[in-house]
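What follows draws every value from the coordinates through simple rules; no lab data is involved. Keep in mind that this is a model prediction, so the values were computed, not measured. Note: ideal-geometry Cβ built from the backbone for every residue, glycine included; neighbour counts use all protein chains shown.
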Amino acid sequence: MSPSFDMDGDARGQPRVLIVGAGTAGLTVAHLLLRQRPHLALTILEPSPDHWYQPGFTLVGAGLIPLEQTRRDQADLIPTGCRWLRAAAVGFDPEHNCVHTSDGDVIAYEILVLTPGLQCFWERIQGLPQALGQQGVCSNYGGRFAAYTWETIQHFSGGTAIFTVPETPIKCGGAPQKVMYLADDHFKAKSGVGVNSRVIFCTAGTSLFAIPAYARSLHRVIQRRGIEVRLRHNLREVRAAEQVAIFEVTASDGSTSTEAIPFAMLHVVPPMGAPAVVASSPLAGDDPGGWVEVDPFSTQHRRYANVFAAGDGSSLPTSRTAGAARGAAFVLAANLLAYLAGQPLNSRYDGYTVCPLITGYGSVLLAEFDYSLQPVSTFLVDPTRERWSFWLLKTKLLPWIYWNRVLKGAPHEGRYLQPLAPLVQALGLAYRPAADLEQWQAQAPGGCS
Ligand SMILES: Cc1cc2nc3c(=O)[nH]c(=O)nc-3n(C[C@H](O)[C@H](O)[C@H](O)COP(=O)(O)OP(=O)(O)OC[C@H]3O[C@@H](n4cnc5c(N)ncnc54)[C@H](O)[C@@H]3O)c2cc1C
């Protein structure tokens, strides 16, 4: 099919690059590319007029900021020199280097950058779409529901509060726990209903967190708070009128049973997956999750050399966060430009990701790690410890950094701290893996490893 949309615009003769999705990864890549090649014929395909700072939804759900503070007009964020097509990609034809849009256009490209994020499948939990926003059923995973999380926490007058995690990969693996610790803090320290309340963490998974060093710290938080942990509990149905949550429970021998737990508050994290338009396209290829199938180090597509991807919608095997999207975007931009210049793709992504795990009002554990699944510390101090300074970072500094540095392609702030590394070492503040970590893993109660 011949293309119906001419991307060349004012920049005839320049390579035509199409970015699908102007979220964290897409905007970062756009800024990085135009900074180095100002005359690139760059087009962004993005249907939404709004850009959401999703890490801020946790703060909305805790009553710390209003939802409006997490939103900006997309038009103000798309870099000058980049053409914005306000439509969605509805089909990919990488054999013919073109994308079909919701407006009926067919866009031809020389290079395609895929940054469409992931999709929440609310409807996969029976009764959930109708239940959300009433009877104590809330979720920080949809901006419009986050305000109801705070409403629910404030009006909670005792009973059982359940916090769930689905069986699928999710964005920000720590967010389901952050809201729980904040709610528990509120019940115990602020509203005083703590004595009449029971907090249960129901995860379809088998651990509190994938990185043992952080799982151990979180385990201490759970114990300190007296929170009940139910592993292999997968939320299947919400009966809002009766305020009952139905879980499928998998035993260690693989057999399953059903458990009904009554609740006064239910914070749900929905199942998530690759956007359907990606999963059903040749770009997903053999990837079992339907994600855009890219090389984990170069971000280049495994079969289509002129296709790159980063962020939540890619197959990059790291935890899906804005921090990871940012790290991969730098590698993607460098390798894309090398590809255009006919040079080898030498930039390598190490899987860096970061999740500020809020463990209560005033304390955060900054979980940074990479493909090695070991803690890394760009802020130099031991990241497995809860700190008030990280709380300031999460609540005050990171929102500013996001709007003013991340989306504009500015380098990671950790680089400015590196000269202080020897001093931090000398003061004994640097991270050293605990000698007994493996032993703890082997004995961790409830499989919290
Ligand atoms: C409650 C919550 C808490 C979080 N906390 C943190 C945190 O503390 N730290 C952290 O680093 N990360 C956190 N995250 C995760 C972080 O927000 C995401 O990982 C990050 O935004 C992913 O960036 P992305 O560019 O891949 O996708 P997104 O930022 O989601 O952007 C995807 C873009 O693609 C567009 N799009 C979708 N489909 C199409 C299509 N078919 N055609 C064209 N465009 C399309 C969308 O409109 C959107 O603009 C959190 C997320 C949530 C929900």
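A compact table of results
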| item | result |
| --- | --- |
| Among Ala310, Ala284, Ala421, residue whose mean-square fluctuation peaks in a GNM of the chain (springs only between Cα atoms under 10 Å) | Ala421 |
| Alpha-carbon Rg with Dmax, taken over the stretch 17-60, Å | 12.5, 40 |
| Length released on extending from Ala434 to Arg224, taking residue separation times 0.36 nm less the Cα-Cα span | 73.6 nm |
| Candidates Pro212, Pro288, Pro262, ranked by Gaussian network fluctuation over the chain, Cα under 10 Å, top entry | Pro288 |
| Options Ala147, Val106, Ala25, ranked by Cα towards positive dipole end of the chain, top entry (Cβ charges) | Ala147 |
| Degrees between helix 143-155 axis and first principal axis of the chain (Cα, 0 to 90, nearest 10) | 10 |
| Ranked list, fewest to most other Cβ atoms within 10 Å of each Cβ, for Asp184, Asp286 | Asp286, Asp184 |
| Lys, Arg +1 and Asp, Glu -1 on Cβ, resulting dipole of the chain about Cα centre, debye, nearest 20 | 1280 |
| Net +/- balance of residues flanking Ala442 in space, Cβ distance below 14 Å, scoring K and R +1, D and E -1 | -1 |
| Cut-off 12 Å between beta-carbons: net charge of the residues surrounding Pro282, Lys and Arg +1, Asp and Glu -1 | -3 |
| Rounded to 10°, Cα long-axis angle of helix 24-36 versus longest principal axis of the chain | 40 |
| 222 nm mean residue ellipticity, helices alone, for the chain (DSSP H n ≥ 4; -39,500 (n - 2.57); rounded to 500) | -6500 deg cm²/dmol |
| Size of electric dipole in the stretch 326-449: Cβ of Lys, Arg +1 and of Asp, Glu -1, about Cα centre, debye, nearest 20 | 500 |
| Most mobile of Gly81, Gly409, Gly323 in a GNM of the chain (Cα contacts under 10 Å) | Gly81 |
| Within the stretch 42-177: Cβ-based charge dipole about Cα centre, in debye rounded to nearest 20 (Lys, Arg +1; Asp, Glu -1) | 440 |
| Cα gyration tensor of the stretch 353-447 - equivalent ellipsoid semi-axes, whole Å, descending | 25, 17, 14 |
| Built amide H within the under 5 Å cut-off of Trp84, gap 5+ | Ile44 |
| Length released on extending from Glu110 to Arg348, taking residue separation times 0.36 nm less the Cα-Cα span | 83.4 nm |
| Tilt relative to the chain, helix 212-225 - C-alpha long axis, 0 to 90 degrees, to 10 | 40 |
| Cα shape, the stretch 122-270, gyration tensor, a/c 1.5 rule | rounded |
| Nonlocal amide H pairs with Arg71, under 5 Å, H built at 1.01 Å | Tyr53 |
| Rounded if a/c under 1.5, otherwise prolate or oblate - the chain, Cα gyration tensor axes | prolate |
| Gain in span if fully extended, Asp50 to Ala442, counting 0.36 nm per residue against the direct Cα distance | 136.5 nm |
| Within-11-Å neighbourhood charge of Pro433 [Cβ basis; K, R +1; D, E -1] | -1 |
| Within straight-line cross-link reach of Lys171, aspartates and glutamates at Cα separation under 17 Å, skipping those fewer than 8 residues along the same chain | Asp312, Glu368, Asp370 |
